[in-house]
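Trainee: Sharing a structure, written as structure tokens. Questions coming.
The values are calculated or read from the model by the stated rules, or taken from the named source; none is laboratory data. This one's a predicted model, so the numbers in the text were calculated from it and none came from an experiment. All Cβ positions, glycine included, derive from the backbone under ideal geometry; neighbour counts span all protein chains shown.
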Amino acid sequence: MIAKQEEVFLRRQPRSTEFIERARRHLAGGATSNWQIAEPQAVWMSHGSGSKVYDVDGTEYVDMHGGYGAAIAGHGHPAIVAAVSEQVRRGTHFAQPTENAIWIAEELSRRFGLPLWRFANSGTEATMDAVHLARSVTGRDLIIKVEGCYHGHHDSVQVSVLPEADEIGPREHPTGVAGNSGIPTAIRDLVVVVPFNDAEAVARALAEHQGRVAAMILEPVMMNAGIIAPHDGYLAAIRDLLHAAGALLIYDEVKTGFTTGPGGVTALSGVVPDIVCLAKALGGGISVAAIGGTEPVMSAIADGRYEQVGTFNGNPLAMAATRATLTDVLTPQAYDHLERLAAGLRSRLEAVIAEHGVDWHVVTVGAKGCVTFRGERVHEYRDFLDVDDRLGHLHWLIQHNGGVFLPPWGKVEQWLLSVQHDDVDTERFAANFATLAAAVAN
């Protein structure tokens, strides 16, 4: 089935094939990011409009890739177009603050319950600053990290991101596996790996490394292994354990911030971390990130003990797009719309699963969702390893060939609904999913 769908995929994209051959001469690997290199080939895009994207062959897709979670506004949203267009005419870079930065910091403080903020340019930069800041404030070096979480591509968090089953070691003491080449052993040894949804593992790590742990960083809802929700009480339990040990709690809400609700999982859970990292959906498609924290933590930035710097931090173009996103795009009405769409799509997918008797289940949170290709719920990364990769890849191919664009990493990634999607879009997704279920069931 995969081979047949890949043949269809390639027949639909002759110009993408041509672009790849041309790109390989001067773009390493023929793409601008390794994440764009998919099987059987990368998809080269032309433009987007509303809820749709169009590849260089002119094929239209319902965009449920969403730029890995950044495009919650959809494409060409009038409010963002107007804000960015006006700012371009007024200047795109000053390396000095503008008034929009104050307004955004005030709004983020209101939404996330953390008083002080700084800006960066990507999720990687935000989590890098968060880890550095935690080490600066505590005077400690070790970081606790959840097995299977992705926090960007800086050294401190490139450990046990997507390790293979034969690498991970015992659950009680997971092996720290380098998430990429070029990660020194000395850096890897500063990371203590624990399973998700296991407060006892965190307590054990703190006890075994008493007085040495600066912070724990995690996605409060895991989104590097499909979607894995925290157990009731888990986030509060690890916060209390960390604080009792003099360590900090860092939420990586790069994916979950704004896609799960106006104040991310921080607001949904009521468990406020010491530091939160935001990016992706924050800028409505423009690259921007933010780091928020408590006064004791952020005082290290304010008084210069930790220098949080960047030429493009608070860039006026990014600030204009962010203010428009928070003011005119991610409104209460928009979240009502997303909730209705998500509930309807989930219901249709669950009906398909029941009709065809396949042993799968649907997981959604806010505008994000995925199908987990097994019947049992996934509670941590080791459960996720049992999910069949082939089904995730086949789903991606069938959706793509049926006019829905998803992230190309099968079971790992999630779909994203934007404020510009409608019922016709989600019905196309559900129809393609029914094709998949019928093919597998037969």
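Trainee: Do you know which residues across segment 164-185 are touching a residue at least 60 places away in the same chain (Cβ under 8 Å) and surrounded by 19 or more Cβ atoms within 10 Å (Cβ to Cβ)?
Mentor: Matches in segment 164-185: I168 only.
Trainee: Continuing with the same structure: Are there any strands (runs of 3 or more DSSP E) wholly within segment 221-336 with 1 or more residues that are farther than 30 Å from D383 by Cβ and touching a residue at least 24 places away in the same chain (Cβ under 8 Å), and if so which?
Mentor: Strands (runs of 3 or more DSSP E) meeting the threshold: 289-293.
Trainee: Now a separate question. Identify, by number, the condition in (1) within 26 Å of D252 (Cα to Cα); (2) touching a Phe, Trp or Tyr at 6+ places or on another chain (Cβ under 6 Å); (3) buried (at least 22 other Cβ atoms within 10 Å of the Cβ); (4) of a type outside the set (V, I, T) that Y61 doesn't meet.
Mentor: (1)
Trainee: From the residues in segment 11-49 that are within 21 Å of the chain's Cα centre (by Cα) and among the small types (G, A, S), which one is surrounded by the most Cβ atoms within 10 Å (Cβ to Cβ)?
Mentor: A42
Trainee: Quick one: what pairs do we get from segment 71-91, first residue touching a residue at least 40 places away in the same chain (Cβ under 8 Å), second surrounded by fewer than 13 Cβ atoms within 10 Å (Cβ to Cβ), C-beta under 8 Å, 6+ apart or different chains?
Mentor: Between residues of segment 71-91 that are touching a residue at least 40 places away in the same chain (Cβ under 8 Å) and residues that are surrounded by fewer than 13 Cβ atoms within 10 Å (Cβ to Cβ), the close pairs are H75/H47.
Trainee: Sticking with this one: How many residues are more than 28 Å from R340 (Cα to Cα) and of a type in the set (D, E) if we restrict to segment 215-271?
Mentor: Of the residues in segment 215-271, 1 are more than 28 Å from R340 (Cα to Cα) and of a type in the set (D, E).
Trainee: Might you let me know whether segment 285-297 holds any residue that is among the hydroxyl-bearing types (S, T, Y) and closer than 24 Å to Y68 by Cβ?
Mentor: Yes: segment 285-297 contains one or more residues that are among the hydroxyl-bearing types (S, T, Y) and closer than 24 Å to Y68 by Cβ.
Trainee: Does segment 113-125 include one or more residues that are assigned by TED's automatic domain parsing to the domain that holds A214, under 15 Å from K280 (Cβ atoms) and of a type in the set (A, V, I, L, M)?
Mentor: yes
Trainee: Related question: Residue by residue through segment 407-423, note down the ones that are modelled with pLDDT of 95 or more, under 14 Å from the mean Cα position of the chain (by Cα) and part of a loop (DSSP other than H, G, I, E, B).
Mentor: Selection gives L417 alone.
Trainee: I need the full set of residues from segment 349-382 which are basic (K, R) and under 13 Å from L417 (Cβ atoms), in order please.
Mentor: K368, the sole residue that qualifies.
Trainee: Which of the following residues is outside the structural domain of H151 (by TED's automatic domain parsing) and of a type in the set (K, R): R323, R340?
Mentor: R340
Trainee: When residues of segment 186-218 are filtered for being outside any loop (DSSP other than H, G, I, E, B) and either under 17 Å from E147 (Cα atoms) or touching a Gly at 6+ places or on another chain (Cβ under 6 Å) (or both), how many remain?
Mentor: Adding up the residues that qualify gives 19.
Trainee: Cβ-Cβ distance below 7 Å, separation of 6 or more or different chains: which pairs start in segment 46-60 with a residue that is over 16 Å from P78 (Cα atoms) and at pLDDT 95 or above and end on one that is hydroxyl-bearing (S, T, Y) and buried (at least 18 other Cβ atoms within 10 Å of the Cβ)?
Mentor: These pairs meet every condition: V53/Y61; D55/S16; V56/S16; D57/S16.
Trainee: If you don't mind, there's one more thing I want to ask. Please verify whether segment 71-85 includes one or more residues that are assigned to a helix (DSSP H, G or I) and more than 26 Å from the chain's Cα centre (by Cα).
Mentor: yes
Trainee: Follow-up. Would you say A130 is outside any loop (DSSP other than H, G, I, E, B) and touching a Cys at 6+ places or on another chain (Cβ under 8 Å)?
Mentor: In short, yes.
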